[in-house]
Amino acid sequence: MRQHDAGTLSRMLAERIGVLARELLPNGRKDGAEWRCGSLAGEKGQSLAVHLNGSRAGVWADFSSGERGDALDLVAAVLFAGDRREAMKWAVSWLGLGDGSAPTFRAPERRQPVPDKQNEELDQEAQRKRASARRLWHDTAPGIAGTPVEAYLAGRGIGLRELGRAPGALRFNPSAWCGEVQRPLPAMIAAICGPSGKLVAVHRTWLGQTPGGQWAKADLRNAKKVLGSFAGGCVRLWRGASGKALGVAPDDDVTVIAEGIETALSVAVACPEFRVLSAVSLSNMAAVTLPDALKDIIIAADNDSGNEKARRALEAALKKFASQGRTIRLAMPEKKNEDWNDVAQKKCSDWQ
């Protein structure tokens, strides 16, 4: 084993990750540049993603459990309950580097999937929600100029007309169903796209008018909800100076990732030269998948310094993007419990 260290084996496995992923996780399916399945048990679903090409080939993450790693870690997690030493022995044989003995995919520690019936039900529910999200999006007219969405954002200090155009990822729906009140309400609809650029979910912000006639978030326990599974996705709000789609972004683009939509839009107005994305939630920020070309990343974080859960999620995002060889900068308001929408009028220099 001395001539085959863990790093070398992982790189060699990554070179054949397309074959390896299909053998380890046969019930998965290809989704753009990723192999997707429900978990390390290999059932159908979307929670686990394995990168199939590029500099991150072999890198994987299970967004439901928080587990992640490289190609060798994938072998260890699926077949040997996380034992990398056993995974190395197996990899030597599978790669044809040993004495020719055949590897086995029947290790006793292999994770057991959830019963097929339950898997099918979960997958069907996920597909139903995704279909509903796409239907809501396509049934909503493009454009927000002159709508309550534009008025709501202006009330939050976000003057989108300064940008010259409104983000195409936002729409106004005058009657989006709200389960909390069991009736339709006006809503800002945002498209959440997966790594391939396909719409996977929609974010809804229900709106209502104040006694003074101003548009604001509706008076609900939860005025913001997502329809559909969005792990790894984001709202592509602004293309920056290049004006190019995320999938063909040039390598000199500076990309800002913020948590909420309003925070991200505040950054776009303040610094229109930057590409701006909303991760929708802080827990999803580490899962956001970016093209390899984007090397300069700014995390526009909320100042939740007293929130231990938020701190860990932010650290996970910073660590993840740094591990991909990207330059990472953190931009956070000075005052506790503030986000960048609270300081939207500051100059662009505050982001650099």
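The values are calculated or read from the model by the stated rules, or taken from the named source; none is laboratory data. Everything numeric here is computed off the predicted structure, so don't read it as measured data. Ideal geometry is used to build each Cβ from the backbone, glycine not excepted, and the neighbour counts take in all protein chains shown. Side chains included, ligands, DNA and RNA excluded: accessible areas come from the protein's heavy atoms. Shrake-Rupley method; radii C 1.70, N 1.55, O 1.52, S 1.80 Å.
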So which residues in the range 119-135 are open to solvent by 60 Å² or more (accessible area, probe 1.4 Å) and over 22 Å from the mean Cα position of the chain (by Cα), if there are any at all?
-> Glu120, Glu121
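To keep it simple, each residue is scored yes or no on (1) in contact (Cβ under 8 Å) with a residue 24 or more places away in the chain; (2) surrounded by 24 or more Cβ atoms within 10 Å (Cβ to Cβ); (3) among the small types (Gly, Ala, Ser).
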residue: Trp177; (1), (2), (3): no, no, no
residue: Cys193; (1), (2), (3): yes, no, no
residue: His203; (1), (2), (3): yes, yes, no
residue: Gly212; (1), (2), (3): no, no, yes
Tally, over the range 218-256, of residues that are open to solvent by 30 Å² or more (accessible area, probe 1.4 Å), touching a strand residue (DSSP E or B) at 6+ places or on another chain (Cβ under 7 Å) and not small (Gly, Ala, Ser) = 9
Could you give me the residue pairs with C-beta distances under 9 Å whose first residue belongs to the range 136-164 and is closer than 24 Å to Thr210 by Cβ and open to solvent by 30 Å² or more (accessible area, probe 1.4 Å), whose second residue is hydroxyl-bearing (Ser, Thr, Tyr) and in a helix (DSSP H, G or I) wherever it lies, and which are 6+ apart or on separate chains?
-> Arg156/Ser266; Gly157/Ser266
Which residues, counting only those in the range 83-95, are assigned to a loop (DSSP other than H, G, I, E, B) and either among the hydrophobic types (A, V, I, L, M, F, W, C) or open to solvent by less than 60 Å² (accessible area, probe 1.4 Å) (or both)?
-> Leu95
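So that you can scan it fast, the table gives a plain yes or no per residue for (1) more than 19 Å from the chain's Cα centre (by Cα); (2) surrounded by fewer than 18 Cβ atoms within 10 Å (Cβ to Cβ); (3) aliphatic (A, V, I, L, M); (4) at pLDDT below 90:
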position	(1), (2), (3), (4)
Ala279	no, no, yes, no
Ala287	no, no, yes, yes
Leu294	no, no, yes, no
Ile299	no, no, yes, no
Ser305	yes, yes, no, yes
Ala310	no, yes, yes, yes
Glu315	no, yes, no, no
Glu334	yes, yes, no, yes
